Amino acid sequence: MLAASSSKNSIHPIDSKRENSRRAECAILTFTSMGHTLILTGRPGIGKTTIIKALIAQITDRAGGFYTEEILGPGGRKGFRLVTLEGRSYVIAHMEVRSRSKVGRYGVRVDVIDQVGAGAIRSAVDTHPIVIIDEIGKMELFSSPFQSAVLKAISSPKIVIATAMQDDHPWVAAVKTLPNVTVWEVNKVNRGKMVEKVVQWLAEQSDR
């Protein structure tokens, strides 16, 4: 699990296999928060990705990173794809994927998350003022490189806007408590105004 050390500036990203088997060793990353991070959380289906897509349309070339979306087919949802802000699309989980890493009925392509998801975050940190991460969820947390990339983004001087699972998860819970991380819950009451609220938050960060 991800846990804060005795110093508030140290944080431990874990290999998700250790979370399942408790056998892999922790990799330790010295963490110093420099930028500002906003995490949108909420139950599945509440509209977090819809908010992120609407936000991306407004900030266009200022942002890099990725979002995830459902793969639909006959009978409903078949899986999930990761879409980079450069327009590349990759299947990260599907009913037909055979994998030891599974979330419900979906096999997870951890190698794609390792390479493309983590890579999109690292590239955004290097090339854009705003980093989009949609989302930090069960599938993505199978990937240790993804966890490290998330921490790299939050510790950078860049602005980070992410979505995260609402379910109780030690690693995600620890990230939410990091310095300079703001957490907003999306619900049916506020989701209609959330894009406007995030844009206002962005303007406030730019003024600092």
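Residues are listed down the side, and each one gets a yes or a no for (1) buried (at least 21 other Cβ atoms within 10 Å of the Cβ); (2) under 12 Å from the mean Cα position of the chain (by Cα); (3) not in a strand (DSSP E or B):
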residue	(1), (2), (3)
117	yes, yes, yes
135	yes, yes, no
138	no, yes, yes
150	yes, yes, yes
154	yes, yes, yes
Counted residues in the range 44-54 being over 18 Å from residue 150 (Cβ atoms) and modelled with pLDDT of 95 or more come to 6
Among the numbered criteria (1) in a loop (DSSP other than H, G, I, E, B); (2) at pLDDT below 95; (3) among the hydrophobic types (A, V, I, L, M, F, W, C), which single criterion is violated by residue 189?
-> (2)
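Among the candidates 203, 164, which residue alone is out of contact with any His (no Cβ under 9 Å at 6 or more places or on another chain), among the aliphatic types (A, V, I, L, M) and closer than 14 Å to residue 41 by Cβ? Write out each step before concluding.
On the way: 203 fails: closer than 14 Å to residue 41 by Cβ.
Exactly one of 203, 164 is out of contact with any His (no Cβ under 9 Å at 6 or more places or on another chain), among the aliphatic types (A, V, I, L, M) and closer than 14 Å to residue 41 by Cβ, namely 164.
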Is the range 52-70 home to any residue that is among the hydroxyl-bearing types (Ser, Thr, Tyr), closer than 22 Å to residue 167 by Cβ and touching a residue at least 24 places away in the same chain (Cβ under 8 Å)?
-> yes
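Do the conditions hold for residue 107, that is, is it among the small types (Gly, Ala, Ser) and in a strand (DSSP E or B)?
Working: among the small types (Gly, Ala, Ser): yes; in a strand (DSSP E or B): yes.
For residue 107, the condition - among the small types (Gly, Ala, Ser) and in a strand (DSSP E or B) - is met.
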Within the range 178-195, the count of residues that are exposed (fewer than 12 other Cβ atoms within 10 Å of the Cβ) and either among the acidic types (Asp, Glu) or in contact (Cβ under 8 Å) with a residue 24 or more places away in the chain (or both) comes to 1
In this structure, is residue 18 surrounded by 14 or more Cβ atoms within 10 Å (Cβ to Cβ), modelled with pLDDT under 60 and either among the basic types (Lys, Arg) or outside any loop (DSSP other than H, G, I, E, B) (or both)?
-> yes
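Do we have residue 64 as at positive phi and not basic (Lys, Arg) here?
no
Yes/no matrix, rows are residues, columns are (1) of a type outside the set (Val, Ile, Thr); (2) loosely packed, with under 13 Cβ neighbours inside 10 Å:
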| position | (1), (2) |
| --- | --- |
| 60 | no, yes |
| 69 | yes, no |
| 84 | no, no |
| 87 | yes, yes |
| 90 | yes, no |
| 100 | yes, yes |
| 126 | yes, yes |
Which of the residues spanning the range 81-98 are in a strand (DSSP E or B), within 25 Å of residue 62 (Cα to Cα) and touching a Gly at 6+ places or on another chain (Cβ under 9 Å)?
-> 82, 84, 90
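The values are calculated or read from the model by the stated rules, or taken from the named source; none is laboratory data. Keep in mind it's a predicted model, so treat the numbers as computed, not measured. Note that each Cβ is placed from the backbone with ideal geometry, even for glycine, and that neighbours are counted across all protein chains shown.
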